[in-house]
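The values are calculated or read from the model by the stated rules, or taken from the named source; none is laboratory data. Keep in mind it's a predicted model, so treat the numbers as computed, not measured. Heads up, the Cβs are rebuilt from the backbone with ideal geometry, glycines too, and the neighbour counts pull from every protein chain shown.
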């Protein structure tokens, strides 16, 4: 491998001015290209190969929108950058770390080092305003910071009488993500049954890694450190099977689920940028070791999916320089969270139906959010049964994370995001909704106990801030202690399709109005995001999911040859009836697949959503019936 001591992995924010940056790059001629990395509303990052000479010739152009332009066909800005008004300018961001992306397959002859590209995070400007995900997060945090400081100055900090309002000089947002992913050998398969049995036996979670997986995991953790992310750990997750060896003793089949964590950041923009770079690092390191990585939320139906739990907190900086965690109470053993901490989770839960489409925006992401896989299905929180015992409830949507002996560690963990969630827009909406609840906590005049009582209300109990027909807190196991009917009644019905999720946004205009406060995440940009995920839902259904299911249906053919066995005949007849119902048109009946495509084409999205749910159920039934049929064949 390349001597890593000779490589420059990142340029820290604020440590170099123009002359310092250029001098540093002169010492690293292997860095031959520069790229402005803008993030569109879908979370896609731009990547260009601009010769480094252009960066030296006109450094300022990269930060004034003059160096790079793109258009609406290259980025997802639906209904914003249109064909007749498509130009999008890219403005480099000097306030965050810049990463160097190395191509280990393209060795620079002069230096003997891999060719590098300096990736500078950027904002996207259209019609003289920023329209990208990074700017949405920046503007949201700037808005919340200013509004929260103003409220504190006017009303003080509830429950914190020892802190003078005038002593608070800044608000700091803390955030972190955890990256789960599946790794496998290319073009090799493992049966779903093997995976399911291994998961139920808990054979993989926290086990040792071996062979190439261990090597790649260790290298990925080391490389995260080289990029300044301070990796905390890498470990095996619940999914996977033991690697299979070929006749020479080499690993022939690898299929495992892993997780890598790194330290939180006090700058949400840096958090999201780090996550993007971490995905690049993980994918490249494992590829160098001959392994494929997928960050899909639910790569294998019926087996554990990959989440990306997102942690968030809010701190106040005092004149003395001291940091104060606004979510921590004065006495960690008498109260679980401060008034502002209670308000923050109230704000998130109240607005979550409208936020959910931005968190779980694809069919893949919603496939993960099903009972039985430690993924949340209900809009509910847990604070713990007693302040002296932190909550360990992993069945809720968003939980309070705390260390009684370390008030600075108090934060919330949102468990619904996945590796392809747009972390920029997700964090923006998390902090805006949390602020709305914090504002209520400050201005309502309620004590911490009164706020906690409102959060803990029963269904049907009226409340000043939260909805009457919902419950928002439980310390029980959401999956085992409630029936589906009880969950629906208490916490609302979880969306099963992208369209059902979109309706949570469309049917709650008052919540959307709050999320758009301050125009930090402008309503037209939210509408653009929603339009883009609706378009993607339709395309994926029609051109990926249905063709994939059709291929599965076609493969489920008769394999028995003994016509005397009536059991085999009967079981395959049931399979065939389902195959025809799903995929075969006739003179008097359209198949389910055809009806679903027709509904999408006609814009009948309620019907299409219902048919998608039926298709999923019927495909699951078909696979079970075919497996039952096939196991009886010698």
Looking at residue 181, is it crowded, with 20+ Cβ neighbours inside 10 Å, part of a strand (DSSP E or B) and assigned by TED's automatic domain parsing to the domain that holds residue 80?
no
Tell me, which residue of segment 203-219 that is modelled with pLDDT under 90 and surrounded by fewer than 18 Cβ atoms within 10 Å (Cβ to Cβ) is farthest from residue 286 (Cα to Cα)?
203
Looking only at segment 381-421, which residues are assigned to a loop (DSSP other than H, G, I, E, B) and surrounded by 23 or more Cβ atoms within 10 Å (Cβ to Cβ)?
383, 396, 397, 416, 417, 418, 419, 421
Every residue in segment 489-518 that is crowded, with 19+ Cβ neighbours inside 10 Å, part of a loop (DSSP other than H, G, I, E, B) and out of contact with any helix residue (DSSP H, G or I) (no Cβ under 6 Å at 6 or more places or on another chain), please.
494
So is residue 445 modelled with pLDDT under 95 and not in a helix (DSSP H, G or I) or not?
yes
Exactly one of 159, 112 is within 30 Å of residue 221 (Cβ to Cβ), over 28 Å from the mean Cα position of the chain (by Cα) and not in a helix (DSSP H, G or I), and that one is 112
Residue 337 fails exactly one of the following numbered conditions: (1) assigned to a helix (DSSP H, G or I); (2) crowded, with 24+ Cβ neighbours inside 10 Å. What is the number of that condition?
(1)
Give me the residue from segment 266-296 that is within 22 Å of residue 94 (Cβ to Cβ) and more than 17 Å from the chain's Cα centre (by Cα) and, out of that set, surrounded by the fewest Cβ atoms within 10 Å (Cβ to Cβ).
266
Listed by first then second residue, the pairs whose first member lies in segment 25-51 and is not assigned by TED's automatic domain parsing to the domain that holds residue 72, whose partner is buried (at least 20 other Cβ atoms within 10 Å of the Cβ) and in a loop (DSSP other than H, G, I, E, B), with beta carbons under 7 Å and at least 6 positions apart or on separate chains, are none
Yes/no for residue 61 being surrounded by fewer than 17 Cβ atoms within 10 Å (Cβ to Cβ) and either out of contact with any strand residue (DSSP E or B) (no Cβ under 8 Å at 6 or more places or on another chain) or over 30 Å from residue 286 (Cα atoms) (or both):
yes
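So that you can scan it fast, the table gives a plain yes or no per residue for (1) surrounded by fewer than 21 Cβ atoms within 10 Å (Cβ to Cβ); (2) in a loop (DSSP other than H, G, I, E, B); (3) in the same structural domain as residue 337 (by TED's automatic domain parsing); (4) touching a helix residue (DSSP H, G or I) at 6+ places or on another chain (Cβ under 8 Å):
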site	(1), (2), (3), (4)
105	yes, no, no, no
124	no, no, no, yes
149	yes, no, yes, no
153	yes, no, yes, yes
What do you reckon, is residue 134 under 17 Å from residue 317 (Cα atoms) and touching a strand residue (DSSP E or B) at 6+ places or on another chain (Cβ under 6 Å)?
no
Candidates 591, 586, filtered to the one that is in contact with a helix residue (DSSP H, G or I) (Cβ under 9 Å, 6 or more places away or on another chain) and surrounded by 13 or more Cβ atoms within 10 Å (Cβ to Cβ):
591
Scanning segment 126-147 for residues that are free of Cβ contacts under 8 Å to residues at least 24 places away in the same chain and more than 22 Å from residue 48 (Cβ to Cβ), which turns out surrounded by the fewest Cβ atoms within 10 Å (Cβ to Cβ)?
128
Take residue 348 and tell me if it is crowded, with 24+ Cβ neighbours inside 10 Å and either in contact (Cβ under 8 Å) with a residue 40 or more places away in the chain or more than 30 Å from residue 534 (Cα to Cα) (or both).
yes
Check every one of the strands (runs of 3 or more DSSP E) wholly within segment 231-329 and list those with 3 or more residues that are at pLDDT 95 or above.
310-318, 323-325
Residue by residue through segment 40-78, note down the ones that are at pLDDT below 90 and part of a loop (DSSP other than H, G, I, E, B).
71, 72, 73, 74, 75, 76
Can you find, within segment 364-375, the residue that is modelled with the lowest pLDDT among those that are under 20 Å from residue 616 (Cα atoms), in a loop (DSSP other than H, G, I, E, B) and under 17 Å from the mean Cα position of the chain (by Cα)?
373
Residue satisfying condition, being modelled with pLDDT of 95 or more, closer than 21 Å to residue 360 by Cβ and either surrounded by fewer than 19 Cβ atoms within 10 Å (Cβ to Cβ) or in the same structural domain as residue 182 (by TED's automatic domain parsing) (or both), within set 465, 440, 424:
424
Name the one entry in 96, 100 that is surrounded by 19 or more Cβ atoms within 10 Å (Cβ to Cβ) and not in a strand (DSSP E or B).
96
Residue 318 is checked against (1) crowded, with 24+ Cβ neighbours inside 10 Å; (2) in contact with a helix residue (DSSP H, G or I) (Cβ under 8 Å, 6 or more places away or on another chain) and fails just one. What number does that condition carry?
(1)
Within segment 571-582, is there a residue that is under 20 Å from residue 608 (Cβ atoms) and at pLDDT 95 or above?
yes
